[in-house]
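K.L.:
One structure coming up, written as structure tokens, with questions to follow.
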Amino acid sequence: MNNTLVVYEKAKKAIEKYSMLKKGDRVIVGLSGGADSVCLLHFLNSIKEELNLTIVAAHINHGIRGEEAEKDALFSNDFSNKLNIQFELLNADCIKEAEKTGETVEEAGRRIRYDFFKSLANTENSVIATAHNSNDNMETIIFNITRGSSLNGAKGIPPIRENIIRPLIFCTREEIEDYCKENSLSFVTDSTNLSDDYTRNKIRHLVIPELKTLNNNVEEAFSRFAESVRDDADFFEKSTLEAFKKAEIEKNTYSVEILNSFHISIKNRVIYKAINDFCGEKPDSKKIKSLLECTRDNTKIQLYKHCYAQTKNGVLKIFDSEKKVVKNRERIVFDSLEFNCQFGQYTIETEILENISQKIKDLLLDNLIDCDTICGNLVLRTRQEGDKITLNKRNVTKTLKKLFIEDNVSKEKRDVIPVIADDNGVVWVFGFGVNKKNAKTKESKNILSVRVSEKNGFTKNE
């Protein structure tokens, strides 16, 4: 069997099915030096001219395996040079970082790794390619199910997440290693992968071989299973959002009668979302069960240190330690694009600019809106569930919730940050700038400038 062709066709299928790449993309490839990443880099290099790709190989020395890790870095550098591909190296100390943060060494390593990749993916057309394969996907699913995971854990490794792509997700480890042999590609082997000290390696070396005695193509079976689960999970997610809106009376306040009308699967998910939205925590099954019991009796329970729930007269409320239910957030609708108003601790001013100079400060640019992209009336409000934005400098679409968390915006401030929206969704967010779809371009003729100042005198666009 020609495994070079097998890998090539499976990788091309994944790229096309999930729209992983487009012409002119800059691809940051995580290169460990192992067979998977060597295969990935070689494959992407083979389609580089076809898609006009710019490829960068990124390698991390995690500071764990001493001289062996240094040899891996040298190997990765040499391999990249042979392919005439730019090579970037990060030397880290994951053990020290884990001690400092309280993470496991594996968790610290993963965070450091992806932070490095993201720092290199600093252009609009950048994507990050990792070499996860169908064996990795299967191991992840088994690992998650063994821990008692929900449907989300059974989804496995997503083929694409934000700007992270996994072209080899349908390829088996055996096919990848054969690809390397057929193309005379040498690779390194991480000694920790040969040990059964780690849970995943126990699955890899002890569990998978047993499963293959039942089905020699078990990797493909798990891939089909994961795709099916992702479809089901997507359906549940949409159904949960609809049910949540139906049950919500006002912010953090829900109708018990409507909640009880849902199937238990949807009800559990609505409860999960209600807790997560208010507390910023991902509740476990015990907390969800406690809140379900709370809806059956007129009782009050404590979910977290500053998070309580109470059912009274058929209404479930989630509130803080001061027993105050969060009020509906501010919302101001404007008939005109130009306005001047006070919004909590912020003063918001907008102005239509004429004959604007092309040479303007970057920070000001982040606050310039193309008027011709605005749909309907402008609304000044705080964030809402499902709000999303694509920032020019990051070129990744994210929910405001995730954006605020990643940028370490405090929980208190997340709910008061001004957001300008139109009928199509978020247009601009204070501290982050304008949505890419509404941003000023060279062709823009009508420009709306947003200026914000806080009570402490700080002005955002200067």
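K.L.:
Determine whether the stretch 231-253 contains at least one residue that is closer than 28 Å to residue 147 by Cβ and of a type in the set (Ser, Thr, Tyr). Don't jump to the end; show me each part of the working.
P.N.:
Step one: list which residues in the stretch 231-253 are closer than 28 Å to residue 147 by Cβ, which gives 231-241, 243-244.
The next check asks that each one be of a type in the set (Ser, Thr, Tyr); those that pass are 239-240.
Among the residues of the stretch 231-253, at least one is closer than 28 Å to residue 147 by Cβ and of a type in the set (Ser, Thr, Tyr), which makes the answer yes.
K.L.:
Next question, about the same structure. Can you name every residue in the stretch 296-311 that is modelled with pLDDT of 85 or more, in contact with a Ser or Thr (Cβ under 6 Å, 6 or more places away or on another chain) and polar (S, T, N, Q)?
P.N.:
Answer for the stretch 296-311, where residues must be modelled with pLDDT of 85 or more, in contact with a Ser or Thr (Cβ under 6 Å, 6 or more places away or on another chain) and polar (S, T, N, Q): just 311.
K.L.:
Hey, another quick one. Against the conditions (1) assigned by TED's automatic domain parsing to the domain that holds residue 131; (2) without any contact (Cβ under 8 Å) to a residue 24 or more places away in the chain, where does residue 179 fall short? Just the number, please.
P.N.:
It is condition (2) that residue 179 fails.
K.L.:
Which strands (runs of 3 or more DSSP E) does the stretch 223-341 wholly contain that include 1 or more residues that are touching a helix residue (DSSP H, G or I) at 6+ places or on another chain (Cβ under 8 Å)?
P.N.:
Strands (runs of 3 or more DSSP E) meeting the threshold: 253-255, 300-304, 307-312, 315-319.
K.L.:
Same structure, new question: Of all residues in the stretch 94-109, which are among the charged types (D, E, K, R) and surrounded by 14 or more Cβ atoms within 10 Å (Cβ to Cβ)?
P.N.:
Correct list: 97, 103, 106, 107.
K.L.:
Tell me which residues, restricted to the stretch 59-105, are closer than 23 Å to residue 132 by Cα, in contact (Cβ under 8 Å) with a residue 24 or more places away in the chain, not in a loop (DSSP other than H, G, I, E, B) and not hydrophobic (A, V, I, L, M, F, W, C).
P.N.:
59, 61, 68, 71, 72, 76, 80, 86, 88, 91
K.L.:
Identify the single condition in (1) surrounded by fewer than 20 Cβ atoms within 10 Å (Cβ to Cβ); (2) outside any loop (DSSP other than H, G, I, E, B); (3) under 22 Å from the mean Cα position of the chain (by Cα) that residue 124 does not satisfy, given that it satisfies every other one.
P.N.:
(2)
K.L.:
When only residues in the stretch 152-167 that are in contact (Cβ under 8 Å) with a residue 40 or more places away in the chain and surrounded by fewer than 17 Cβ atoms within 10 Å (Cβ to Cβ) count, which is nearest to the chain's Cα centre (by Cα)?
P.N.:
Only one residue fits best here, namely 162.
K.L.:
Take residue 21 and tell me if it is closer than 26 Å to residue 115 by Cβ and of a type in the set (A, V, I, L, M). Talk me through it step by step, then tell me what you get.
P.N.:
Numbers: closer than 26 Å to residue 115 by Cβ: yes; of a type in the set (A, V, I, L, M): yes.
So residue 21 passes the test.
K.L.:
Something else about it: For the stretch 1-44, what are the residues that are farther than 15 Å from residue 134 by Cβ and basic (Lys, Arg)?
P.N.:
Of everything in the stretch 1-44, those that are farther than 15 Å from residue 134 by Cβ and basic (Lys, Arg) turn out to be 12, 22, 23, 26.
K.L.:
Please name all residue pairs, on different chains or six or more residues apart, with Cβ atoms under 6 Å, provided the first residue is in the stretch 395-412 and is within 16 Å of residue 384 (Cα to Cα) and the second residue is part of a loop (DSSP other than H, G, I, E, B).
P.N.:
400/383; 400/387; 411/280
K.L.:
When you scan the stretch 51-87, how many residues do you find that are among the charged types (D, E, K, R) and at pLDDT 95 or above?
P.N.:
Number of matching residues: 2.
K.L.:
What is the number of the single condition among (1) farther than 20 Å from residue 5 by Cα; (2) modelled with pLDDT under 95 that residue 173 does not meet?
P.N.:
Among (1) farther than 20 Å from residue 5 by Cα; (2) modelled with pLDDT under 95, the lone unmet condition for residue 173 is (1).
The values are calculated or read from the model by the stated rules, or taken from the named source; none is laboratory data. In this text, all values refer to a predicted model and were calculated from it rather than measured experimentally. Glycine also receives a Cβ, built like all others from the backbone with ideal geometry; neighbour counts cover every protein chain displayed.
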